[in-house]
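**Student:** Just passing along the structure, written as structure tokens.
The values are calculated or read from the model by the stated rules, or taken from the named source; none is laboratory data. Predicted model, so just to flag it, every value in this text is computed and none were measured. Glycine also receives a Cβ, built like all others from the backbone with ideal geometry; neighbour counts cover every protein chain displayed.
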Amino acid sequence: MMRWFKQPPPRGVLLALLAAGLAACFAIEQFGLVDDYVRFVLITLGINIILCVSLNLVNGWMGEFSVGHAGFMALGAYLSACVSVKWLGWGDPLWMFPLAVMAGGLLAGAVGLLLGLLSFKTRGDYLAIITLAFLMIVKSGIENIPYVGGPRGFLGIGNHTTLLWTAVWTVLTLWAIRNLVYSRFGRGIVAVREDEIAANAMGVDTRKAKLAAFVVSSFFGGVAGALFAHQLQFINPGVFDIVKSTEILVMVYLGGIGSLGGSILGAAAFTILAQVLQPLGTWRMVILPLILVLLMLFRPRGIMGMREFPWFVPRREFPAKEDKK
Amino acid sequence: MSALLEVRDVTMRFGGLVAVADLNLEVTQGHAHGIIGPNGAGKTTAFNVITGIYTPTAGDVLFRGEIISGRRPSAIARGGIARTFQNIRLFRDLTVLDNVRIAHDAHARYSWPGAMVQLPSARRAEQESIEHCTDLLEKFGLVDAAYERAGDLPYGSQRRLEIARAMALQPSLLLLDEPAAGMNSAETLKLVEFLGWLRDHFSVTMLLIEHHMQLVMTFCDRITVLDFGKTIAEGSPDEVRNDPKVIEAYLGQEDGHE
Amino acid sequence: MDYFAQQAINAVQLGSIYALIALGYSMVYGVLVMINFAHGDVFMVSSFFCFLLLLVLPVPFGAALIIVMLATAILGVAIERLAYRPLRNAPRVSAIITALGCGLVIQNTTLSLSPYSQRMPELFVPVLQHFGGVTVSSLQVLIIGVSVGLMIALDFFIRKTRYGMAMRAIAQDRISVPLMGVPVNQIIAMTFAIGAALGGAAGVLYASAYPVISATMGVLVGWKAFVAAVIGGIGNVRGAVLGAYVLGAVEVFTVTILPSTYRDLVVYSLLLVILVFKPYGLLGRPSVQKV
Ligand SMILES: Nc1ncnc2c1ncn2[C@@H]1O[C@H](COP(=O)(O)OP(=O)(O)OP(=O)(O)O)[C@@H](O)[C@H]1O
Ligand SMILES: [Mg+2]
């Protein structure tokens, strides 16, 4: 393999690439360089990356199994829509929209904290049950709130999710989760997956690790939901169901558990797949879970499972030069 | 000399089974204290109680004069008690270095929001952890394998790594559960040497479970003998060796099982 | 008072159907420590089996019940064989994901083939009997009778027969029983067969009681039964039955107080509350992990 692939590029190169990418997003937006369909798919890709990498924190790095991510999306989507339509609708989107997204993320993060607390009491499979119950509660809860449109949905959300905002949030999510993963908390989260008893015996505060994973994961799930709401401009509770959660699960287990590069890969592959399968209608929802089952049978860790694209790894994690043989 | 660890009348019951019955144990600072006893005597269970994995059904565990039973295992570990496991429990999918770092992290201070935005303090702590742990691996002769997957190491190195990981916690008391398991006599001899080095170099107090009599008799300052969850003898190696009850327990076991 | 008695009968009827489904969840969990998320959809498909059977051949109720139970048992065993058995030694998460995936495959295949709900032909012409202000239909009696009969038969099977004891042995001790010459694969396949067959019976009974069937029943009804199994203490067969009747009562009486749109909210909130205060359900016991 080529050398640059094995080592992260110099910091300057990375920053330049990032700046160029963001500039490109801005240019595309400003000068209408691509048609609406491509723009829509690109934004979807960004949202999917956020969803995938954030769920990966709990399901991949921590090795638990949550099916509730669509619920966090829903919380983020609805609260941000309330902020941007009902409460701060008069504001300039330039400051109002980030505020709405943050609010959505924070609500999701706060509820994620509660779910994390519940997860202390129960063992592995029970967490799946808890997240499932959470998903159903969010869905039927929203259906019973007329203020946000009940089962008919929330209409008239502004089209604020631009390509640039999506790119900014995507980069922010990847950066924050990478920093977390390569910190003592990230190692604690992984230790919980590897062997919770040994982790405890080695001084890992597994409760704190679990809470960190849940809060961060659900926060970004909420952020993705907020972006999603302001992309579609119409949301209803039915959108955030178990199928939506399954889609995110497919991304995670396709791209690879415990991997940032894998999350991007999984999100990209899924986004393309979803577009290709569009004409199939409901059969699409047969093929997606089938892929999930086949993945579990033949490649349970996904394409990049627990391996990382070196560009995402902090430089300090590589062996020092003089130690090389 | 004061007792570093004190186990007072500890009983551990699982349903109807009494795994540890009224155990009393005092481990003196600086000693290497051995626990021996036939299979199923409750030795590992005693470790699990001391390290907080189980909360004792009755009795207290005191460390430096403070009651620690009932605290969470991670708090006990950070308080200065590290251990190894009878069946090696490494973080198999992680690198050797990360295994050690996870234990070392117990003493890091930065917060998780701080880590997420890469505060300088978090970065410095990370850098320090890599350097410190690399040094530690160097001492344990594992530095060449630092970036290998822990599960890929040969058995002997895995055992050594488990001890290195425990030492990364910077404990004042180290619990070793059958460190010589699966070793031949040449390897066991080396292990005695290694344990001696460990004790002197880190000046750590040790409590170790071992079936290998020669190791226990040569290495330990004091020995406690368990049978059916009860202490049947305690004393210096010589005292224990000549205790009729111990001989009976071991002979009895041989009659029964071999 | 009459109103209350009427609702109580409805609750027992609904609870009976839940119980049959919940048993399948609980038995599989007991033997494999795995949540068979697909079971709800197996139940759903069984009512479609019944529908198709009656389209082709208008058999009487008893025959339909037996044929559908057999067909569903075969489906249950096939899922175990194809999807779960290869994963038996894989991480637990893989098995849960596979189960969830299988359920969605079944659900959405059914949805794609039958996008709208179907009206069941009448299987059984009920006779109504009035006791004071309370009306009992012979269908309700039949549903409750068949369910309770099957549950008693199952209880007998588990407690008294060789196979049932082998099942319990595996549930007790997953490590040493396989070494003692118990044919583990067969017993597990049998567990799936029985669980699915009971789900099949529930499918027929449900379709007779509420004769509009759709692909979403696996989620709407099947998962409720799963909630019942968890409330009772998943893995515990009697717990599943208890949980099912509790849940049936909660659902029926919720709707008498609140708008029916609150039903799911109440049921799933109840589940969370129970998991917080009794994490192993009403009759379940925690398992201690050996170190
Ligand atoms: N979590 C548990 N639940 C039920 N019984 C247990 C548990 N842990 C240990 N036991 C039982 O307690 C008794 C003591 O076990 P323990 O592992 O402490 O013995 P030991 O002295 O370490 O034996 P060995 O020399 O074989 O390691 C055994 O009978 C064991 O089966
Ligand atoms: Mg032991």
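**Student:** Of these, A:Arg316, A:Arg299, which one is surrounded by fewer than 18 Cβ atoms within 10 Å (Cβ to Cβ), more than 18 Å from the chain's Cα centre (by Cα) and over 29 Å from C:Ile79 (Cα atoms)? Step through it out loud before you land on a result.
**Tutor:** Working: A:Arg299 fails: over 29 Å from C:Ile79 (Cα atoms).
The unique qualifying residue is A:Arg316.
**Student:** Now for a separate question. With respect to A:Gly261, determine if the residue is surrounded by 18 or more Cβ atoms within 10 Å (Cβ to Cβ), in contact (Cβ under 8 Å) with a residue 40 or more places away in the chain and in a helix (DSSP H, G or I).
**Tutor:** Numbers: surrounded by 18 or more Cβ atoms within 10 Å (Cβ to Cβ): yes; in contact (Cβ under 8 Å) with a residue 40 or more places away in the chain: yes; in a helix (DSSP H, G or I): yes.
Yes; evaluated as a whole, the condition is true for this residue.
**Student:** Let me ask something else about it. Scan segment A:111-147 for residues that are of a type in the set (A, V, I, L, M, F, W, C) and in contact with a Pro (Cβ under 7 Å, 6 or more places away or on another chain) and jot them down.
**Tutor:** If we filter segment A:111-147 for residues that are of a type in the set (A, V, I, L, M, F, W, C), which is where we start, we get A:111, A:113-115, A:117-118, A:120, A:127-130, A:132-138, A:142, A:145.
The answer is A:Ile142, and nothing else.
**Student:** Assess whether B:Asn87 counts as being surrounded by fewer than 22 Cβ atoms within 10 Å (Cβ to Cβ) and closer than 26 Å to A:Arg187 by Cβ. Break it down stepwise before answering.
**Tutor:** Numbers: surrounded by fewer than 22 Cβ atoms within 10 Å (Cβ to Cβ): yes; closer than 26 Å to A:Arg187 by Cβ: yes.
Against the criterion (surrounded by fewer than 22 Cβ atoms within 10 Å (Cβ to Cβ) and closer than 26 Å to A:Arg187 by Cβ), B:Asn87 qualifies.
**Student:** Could you check segment B:131-238 for helices (runs of 4 or more DSSP H) lying wholly inside it with 2 or more residues that are among the small types (Gly, Ala, Ser) and under 22 Å from B:Phe47 (Cα atoms)? Steps first, please.
**Tutor:** Details: elements: B:155-168, B:185-202, B:213-219.
Filter on segment B:131-238 gives B:155-168.
**Student:** For segment B:72-94, what are the residues that are farther than 15 Å from B:Val49 by Cβ and under 11 Å from the mean Cα position of the chain (by Cα)?
**Tutor:** B:Ala82, B:Thr84
**Student:** Is it true that B:His132 is free of Cβ contacts under 8 Å to residues at least 40 places away in the same chain, away from ligand 2 (no atom under 16 Å from the Cβ) and surrounded by fewer than 22 Cβ atoms within 10 Å (Cβ to Cβ)?
**Tutor:** On the way: free of Cβ contacts under 8 Å to residues at least 40 places away in the same chain: yes; away from ligand 2 (no atom under 16 Å from the Cβ): yes; surrounded by fewer than 22 Cβ atoms within 10 Å (Cβ to Cβ): yes.
Against the criterion (free of Cβ contacts under 8 Å to residues at least 40 places away in the same chain, away from ligand 2 (no atom under 16 Å from the Cβ) and surrounded by fewer than 22 Cβ atoms within 10 Å (Cβ to Cβ)), B:His132 qualifies.
**Student:** Could I ask something else about it? Given the condition in contact with a strand residue (DSSP E or B) (Cβ under 7 Å, 6 or more places away or on another chain), of a type in the set (Lys, Arg) and in the same structural domain as B:Ala46 (by TED's automatic domain parsing), answer yes or no: does some residue in segment B:172-191 qualify?
**Tutor:** Step one: of segment B:172-191, the residues in contact with a strand residue (DSSP E or B) (Cβ under 7 Å, 6 or more places away or on another chain) are B:172-179.
Subsequent filtering for residues that are of a type in the set (Lys, Arg) retains none.
Within segment B:172-191, none of the residues are in contact with a strand residue (DSSP E or B) (Cβ under 7 Å, 6 or more places away or on another chain), of a type in the set (Lys, Arg) and in the same structural domain as B:Ala46 (by TED's automatic domain parsing).
**Student:** Can you go through C:Val56, C:Val28, C:Val42 and tell me which one is surrounded by fewer than 17 Cβ atoms within 10 Å (Cβ to Cβ) and of a type in the set (Val, Ile, Thr)?
**Tutor:** Working: C:Val28 fails: surrounded by fewer than 17 Cβ atoms within 10 Å (Cβ to Cβ); C:Val42 fails: surrounded by fewer than 17 Cβ atoms within 10 Å (Cβ to Cβ).
Unique residue meeting the criteria: C:Val56.
**Student:** Also, I was wondering about something else. Can you find, within segment A:89-121, the residue that is farthest from the chain's Cα centre (by Cα) among those that are of a type in the set (Phe, Trp, Tyr) and more than 14 Å from chain C (Cβ to nearest Cβ)? Show your work before the answer.
**Tutor:** Let us first name the residues in segment A:89-121 that are of a type in the set (Phe, Trp, Tyr), namely A:90, A:95, A:97, A:120.
Next cut, more than 14 Å from chain C (Cβ to nearest Cβ) only: A:90, A:95, A:97.
Details: A:Trp90: 29, A:Trp95: 23, A:Phe97: 19 Å.
Across segment A:89-121, the extreme among qualifying residues is A:Trp90.
**Student:** Then there's this: Considering only segment A:186-196, I want to know if a residue exists there that is touching an Asp or Glu at 6+ places or on another chain (Cβ under 7 Å), closer than 22 Å to A:Ala224 by Cα and in a helix (DSSP H, G or I).
**Tutor:** no
**Student:** I need the full set of residues from segment C:180-219 which are farther than 15 Å from C:Ser46 by Cβ and free of Cβ contacts under 8 Å to residues at least 24 places away in the same chain, in order please.
**Tutor:** Answer for segment C:180-219, where residues must be farther than 15 Å from C:Ser46 by Cβ and free of Cβ contacts under 8 Å to residues at least 24 places away in the same chain: C:Met180, C:Gly181, C:Val182, C:Pro183, C:Val184, C:Gln186.
**Student:** Something else about it: Given the condition within 15 Å of the chain's Cα centre (by Cα), small (Gly, Ala, Ser) and more than 19 Å from B:Val216 (Cα to Cα), answer yes or no: does some residue in segment B:34-57 qualify?
**Tutor:** Yes: segment B:34-57 contains one or more residues that are within 15 Å of the chain's Cα centre (by Cα), small (Gly, Ala, Ser) and more than 19 Å from B:Val216 (Cα to Cα).
**Student:** Somewhere in segment B:143-159, is a residue more than 10 Å from every other protein chain (Cβ to nearest Cβ) and in contact with a Pro (Cβ under 7 Å, 6 or more places away or on another chain)? Before you say what the answer is, go through the steps one by one.
**Tutor:** Filtering segment B:143-159 down to residues more than 10 Å from every other protein chain (Cβ to nearest Cβ) leaves B:145, B:148, B:152-159.
Still in the running and in contact with a Pro (Cβ under 7 Å, 6 or more places away or on another chain): B:159.
For segment B:143-159, residues more than 10 Å from every other protein chain (Cβ to nearest Cβ) and in contact with a Pro (Cβ under 7 Å, 6 or more places away or on another chain): present.
**Student:** Suppose the filter is within 16 Å of ligand 2 (Cβ to nearest atom), among the aliphatic types (A, V, I, L, M) and in contact with a helix residue (DSSP H, G or I) (Cβ under 8 Å, 6 or more places away or on another chain); does B:Ala166 pass it?
**Tutor:** Numbers: within 16 Å of ligand 2 (Cβ to nearest atom): no; among the aliphatic types (A, V, I, L, M): yes; in contact with a helix residue (DSSP H, G or I) (Cβ under 8 Å, 6 or more places away or on another chain): yes.
Answer is no for this residue.
Here is a yes/no grid of residues against (1) within 14 Å of another protein chain (Cβ to nearest Cβ); (2) β-branched (Val, Ile, Thr); (3) within 17 Å of the chain's Cα centre (by Cα):
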| site | (1), (2), (3) |
| --- | --- |
| A:Ala224 | no, no, yes |
| A:Phe228 | no, no, yes |
| A:Gly238 | yes, no, no |
| A:Leu254 | yes, no, yes |
| A:Gly258 | yes, no, yes |
| A:Ala267 | no, no, yes |
| A:Leu280 | yes, no, no |
| A:Leu295 | yes, no, no |
| A:Gly305 | yes, no, yes |
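**Student:** Outside any loop (DSSP other than H, G, I, E, B), closer than 15 Å to A:Gly68 by Cα and at pLDDT 95 or above: is that true of A:Gly116 in this structure?
**Tutor:** Working: outside any loop (DSSP other than H, G, I, E, B): yes; closer than 15 Å to A:Gly68 by Cα: yes; at pLDDT 95 or above: no.
No: the conditions fail for A:Gly116.
**Student:** Moving to a separate point now. Pull up segment C:26-73, narrow it to residues that are among the β-branched types (Val, Ile, Thr) and without any contact (Cβ under 8 Å) to a residue 60 or more places away in the chain, then point me to the one that is farthest from C:Ala229 (Cα to Cα).
**Tutor:** Step one: list which residues in segment C:26-73 are among the β-branched types (Val, Ile, Thr), which gives C:28, C:31, C:33, C:35, C:42, C:45, C:56, C:59, C:66-68, C:72.
Still in the running and without any contact (Cβ under 8 Å) to a residue 60 or more places away in the chain: C:56, C:59, C:66-67.
Details: C:Val56: 35, C:Val59: 32, C:Ile66: 24, C:Ile67: 26 Å.
Going through the qualifying residues, I end up with C:Val56.
**Student:** Condition (residue is small (Gly, Ala, Ser) and under 30 Å from B:Phe85 (Cα atoms)) applied to segment A:161-182: is it met by at least one residue? Outline the logic, then answer.
**Tutor:** Filtering segment A:161-182 for residues small (Gly, Ala, Ser) gives A:167, A:176.
Then keep just the ones that are under 30 Å from B:Phe85 (Cα atoms); that gives none.
Checking segment A:161-182: not a single residue is small (Gly, Ala, Ser) and under 30 Å from B:Phe85 (Cα atoms).
**Student:** Which condition from (1) in contact with a helix residue (DSSP H, G or I) (Cβ under 6 Å, 6 or more places away or on another chain); (2) over 22 Å from A:Glu64 (Cα atoms); (3) without any contact (Cβ under 8 Å) to a residue 60 or more places away in the chain is the one that A:Thr271 breaks?
**Tutor:** That leaves (3) as the condition not met.
**Student:** Also: Kindly provide the set of residues from segment C:101-115 that are more than 7 Å from chain A (Cβ to nearest Cβ) and of a type in the set (A, V, I, L, M), ordered by number.
**Tutor:** Hits for segment C:101-115 are C:Ile106, C:Leu113.
**Student:** Within 14 Å of chain B (Cβ to nearest Cβ) and assigned to a loop (DSSP other than H, G, I, E, B): does that describe A:Gly203? Quick ask: steps written out before the conclusion?
**Tutor:** Values: within 14 Å of chain B (Cβ to nearest Cβ): yes; assigned to a loop (DSSP other than H, G, I, E, B): yes.
Here the answer is yes, as A:Gly203 does meet what is asked.
**Student:** Being more than 28 Å from B:Val61 (Cα to Cα), outside any strand (DSSP E or B), away from ligand 2 (no atom under 16 Å from the Cβ) and free of Cβ contacts under 8 Å to residues at least 40 places away in the same chain, is that true of even one residue in segment B:99-110?
**Tutor:** yes
**Student:** Within segment A:122-157, count every residue that is surrounded by fewer than 19 Cβ atoms within 10 Å (Cβ to Cβ), within 21 Å of C:Pro279 (Cα to Cα) and more than 10 Å from every other protein chain (Cβ to nearest Cβ).
**Tutor:** So the answer is 0.
**Student:** Do we find a residue being of a type in the set (Phe, Trp, Tyr) and either in a loop (DSSP other than H, G, I, E, B) or surrounded by fewer than 24 Cβ atoms within 10 Å (Cβ to Cβ) (or both) anywhere in segment A:229-238? Working first, answer last.
**Tutor:** Initially, segment A:229-238 is screened for residues of a type in the set (Phe, Trp, Tyr), giving A:234.
Now restrict to residues that are either in a loop (DSSP other than H, G, I, E, B) or surrounded by fewer than 24 Cβ atoms within 10 Å (Cβ to Cβ) (or both): A:234.
Within segment A:229-238 (the criterion being of a type in the set (Phe, Trp, Tyr) and either in a loop (DSSP other than H, G, I, E, B) or surrounded by fewer than 24 Cβ atoms within 10 Å (Cβ to Cβ) (or both)), the answer is yes, since at least one residue qualifies.
**Student:** Of the numbered conditions (1) crowded, with 17+ Cβ neighbours inside 10 Å; (2) away from ligand 1 (no atom under 13 Å from the Cβ); (3) hydrophobic (A, V, I, L, M, F, W, C), B:Ala58 satisfies every one except a single condition; which is it?
**Tutor:** (1) is the only condition that B:Ala58 fails.
**Student:** From B:Ala21, B:Ala32, B:Ala77, grab the single residue that is away from ligand 1 (no atom under 16 Å from the Cβ), in contact (Cβ under 8 Å) with a residue 40 or more places away in the chain and more than 20 Å from B:His132 (Cβ to Cβ). Reasoning before the result, please.
**Tutor:** Values: B:Ala21 fails: away from ligand 1 (no atom under 16 Å from the Cβ); B:Ala77 fails: more than 20 Å from B:His132 (Cβ to Cβ).
Just one listed residue meets the conditions, B:Ala32.
**Student:** Does A:Leu33 satisfy being over 17 Å from the mean Cα position of the chain (by Cα), touching a residue at least 60 places away in the same chain (Cβ under 8 Å) and either surrounded by fewer than 24 Cβ atoms within 10 Å (Cβ to Cβ) or part of a loop (DSSP other than H, G, I, E, B) (or both)?
**Tutor:** Values: over 17 Å from the mean Cα position of the chain (by Cα): yes; touching a residue at least 60 places away in the same chain (Cβ under 8 Å): no; either surrounded by fewer than 24 Cβ atoms within 10 Å (Cβ to Cβ) or part of a loop (DSSP other than H, G, I, E, B) (or both): yes.
Spelling it out, it is not the case that A:Leu33 is over 17 Å from the mean Cα position of the chain (by Cα), touching a residue at least 60 places away in the same chain (Cβ under 8 Å) and either surrounded by fewer than 24 Cβ atoms within 10 Å (Cβ to Cβ) or part of a loop (DSSP other than H, G, I, E, B) (or both).
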